[in-house]
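Undergrad: Input: one structure, supplied below.
No value in this document is a laboratory result; all are computed from the given coordinates. All values derive from a computational prediction rather than experimental measurement. Note: ideal-geometry Cβ built from the backbone for every residue, glycine included; neighbour counts use all protein chains shown.
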Amino acid sequence: MHGVQLQGVDLNLLVALEALLSERSVTRAGARLGLTASATSHALGRLRATFGDELLVRTRGGMIPTARGEQLLVPLRAALRDVGALLSNSARFDPRTSRREFVLASTDYIEAVLLPPLLARVSAAAPGVQLRVHPLVSDVAAPLETGAITVALGVVFENSPGLQQQALFSEEMVLVCRKGHPDVKRTIDLATYLRLRHVLVSVRGGSQSVVDEQLAELGHARQIALVVPHFLAAPLIVASSDLVLTTPARLVRRLGPALDLRTLAPPLAVPGFTVRQVWHERHQDDPGHLWLRQQIFAAAKTLATGKDGSRC
């Protein structure tokens with residue numbers, strides 16, 4: 001709050017501001033805060049005067065934040081989390097009684113394979129803890145540092161100062177097609193692989209993957225018929241078409257039986273990858289963050305042993 005003296009501000013207003021910007025509704029924000037609509041509207045008026053900005057404006061589709069309101073939301077949430085931790089004595093974390101919210105950033109593939117065993121562990125040990133999952137973005141350093149994201153889960157991360165990483169599990173790639181595919185027999189050779197039409201999963205919008213890099217080294221290129229941004233959509237499409245997909249094996253073990261998919265070894269050496277969890281050193285010793293990272297690591301270990309319920 002540039003130019004604002006803290007001693008002249010009711011800090012309860014910041015709690016109201018977070019609720020208003022999140023809910024985009026005076027009525028819903030009031031219900032969340034335990035205030036009447038009139039009291040919440042009065043708080044919004046005081047906030048507008050404090051910040052010198054409308055913060056929320058009415059449109060035909062409802063209330064939306066101004067540009068200033070949008071800029072405030074993420075740092076405001078981080079500040080409120082820090083204040084909450086300070087007031088609740090963050091040196092202690094009791095999972096049995098905690099009602100903290102932890103935010104994970106991940107792809108839908110990792111959500112599908114890791115969240116079931118992780119949720120089972122968290123629900124049993126910390127029934128009041130809430131997990132929220134955000135899409136994995138290319139730049140995780142800033143939200144990890146502010147605390148907007150607790151842990152990021154992925155494969156490749158920038159080598160940014162302050163980021164800490166831990167390997168969770170390794171994955172291999174397999175080829176899948178629908179049962180009864182007219183051009184796929186018990187095994188598949190490279191010539192057939194190149195003739196088939198492929199689905200490419202590109203989370204960040206690229207037009208090639210490690211498979212295409214391997215083929216290019218051999219002087220070949222495959223036919224990519226469809227590019228999608230989500231891992232979970234691709235097997236559904238393959239199950240009802242003659243497209244094929246090269247995808248992580250654990251995802252197929254979860255979805256393949258229900259979708260009646262066939263799994264084959266690709267006719268070329270496709271390197272696997274390692275999934276990691278990443279956090280910022282600023283939160284290295286936060287007891288709640290540390291507990292969550294331990295739960296994530298333990299859940300990942302079940303993927304290697306098959307105790308998550310999938311077939312390994």
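Undergrad: Quick one: length gained pulling R186 to R204 fully straight, 0.36 nm per residue minus the C-alpha distance?
TA: Gain on stretching R186 to R204: 3.2 nm.
Undergrad: Determine ³J(HN,Hα), in whole Hz, for all residues of region 11-26 in sequence, where each value follows from phi through the Karplus function 6.51 cos²θ - 1.76 cosθ + 1.60 and θ = phi - 60°; x replaces Gly and Pro.
TA: Ordered by residue, 3J(HN,Hα) equals 5, 4, 5, 5, 5, 5, 5, 4, 5, 5, 5, 6, 7, 6, 7, 5 Hz.
Undergrad: Near the amide H of I149, under 5 Å away, which other amide H atoms are found, from residues 5 or more places off or on another chain, if H is placed in the peptide plane?
TA: When sequence neighbours closer than 5 places are left aside, the close amide H contacts are L144.
Undergrad: Given H placed 1.01 Å from N in the peptide plane, which residues other than close sequence neighbours of R100 have an amide H under 5 Å from its amide H?
TA: Those qualifying (amide H under 5 Å, at least 5 residues apart or on another chain) are Q130.
Undergrad: Something else about it: Taking R0 as 35 Å, what's the FRET efficiency between H42 and L73 from their Cβ-Cβ distance, rounded to 0.05?
TA: So, using R0 = 35 Å, E works out to roughly 0.95.
Undergrad: A further question on this structure: Relative contact order for region 173-270: what percent, with Cα pairs under 8 Å and sequence separation of 6 or more?
TA: 48 percent
Undergrad: Turning to a different aspect of this structure: Evaluate Rg over Rh across region 6-87, taking Cα atoms for both radii and Kirkwood's formula for Rh.
TA: Computed over Cα atoms, the ratio is 0.95.
Undergrad: Something else now. In whole Hz, with x marking every Gly and Pro, tabulate ³J(HN,Hα) for region 173-183 from phi via Karplus 6.51 cos²θ - 1.76 cosθ + 1.60, θ = phi - 60°.
TA: 9, 10, 9, 10, 8, 6, 5, x, 4, x, 10
Undergrad: Among bridges DSSP assigns within the chain, what percent are antiparallel (round to 5)?
TA: Given both bridge residues lie in the chain, the antiparallel proportion sits at roughly 60 percent.
Undergrad: Can you pull the Rg over Rh of region 173-270, Cα-only, Kirkwood?
TA: Expressed as Rg/Rh, it is 0.92.
Undergrad: Write down the radius of gyration of the chain and its Dmax, each obtained from C-alpha positions, in Å.
TA: 23.9, 75
Undergrad: Related question: Report the relative contact order of the chain, percent, no decimals, based on alpha-carbon pairs under 8 angstrom and at least 6 residues apart.
TA: Taking the mean separation of contacting Cα pairs over the length of the chain, I get 20 percent.
Undergrad: A further question follows. For region 115-130, take each phi angle, set θ = phi - 60°, evaluate the Karplus expression 6.51 cos²θ - 1.76 cosθ + 1.60, and give the result in whole Hz per residue in order, putting x for glycine and proline.
TA: So the Karplus estimates, Gly and Pro as x, are 5, x, x, 5, 5, 4, 5, 5, 4, 6, 8, 9, x, x, 7, 10 Hz.
Undergrad: Please state the relative contact order of region 56-198 as a whole percent: Cα pairs under 8 Å, 6+ residues apart?
TA: Reported as a whole number, the value is 22 percent.
Undergrad: Let me have the 222 nm mean residue ellipticity of the chain computed from DSSP H runs of 4+ only, each contributing -39500 (n - 2.57), with the sum over all residues rounded to the nearest 500.
TA: Result for the chain, helices only: -13000 deg cm²/dmol.
Undergrad: If exposed trypsin sites (Lys or Arg not before Pro) are those in a DSSP loop with at most 13 other Cβ within 10 Å, what is the longest stretch of the chain that has none?
TA: 205-306
Undergrad: OK, next. I want to check the label-to-label distance for Q214 and V156. Put each point 7 Å from Cα in the C-beta direction and report it in nm to one decimal.
TA: 1.6 nm
Undergrad: Follow-up question, since we're still on this one. Would you mind checking which residues have amide H under 5 Å from R262's amide H? H placed 1.01 Å from N; only 5 or more apart, or other chain.
TA: C177, R178, K179
Undergrad: Follow-up question, since we're still on this one. Just to verify a number: FRET efficiency for F273 and S138, C-beta to C-beta distance, R0 = 22 Å, to 0.05?
TA: 0.85
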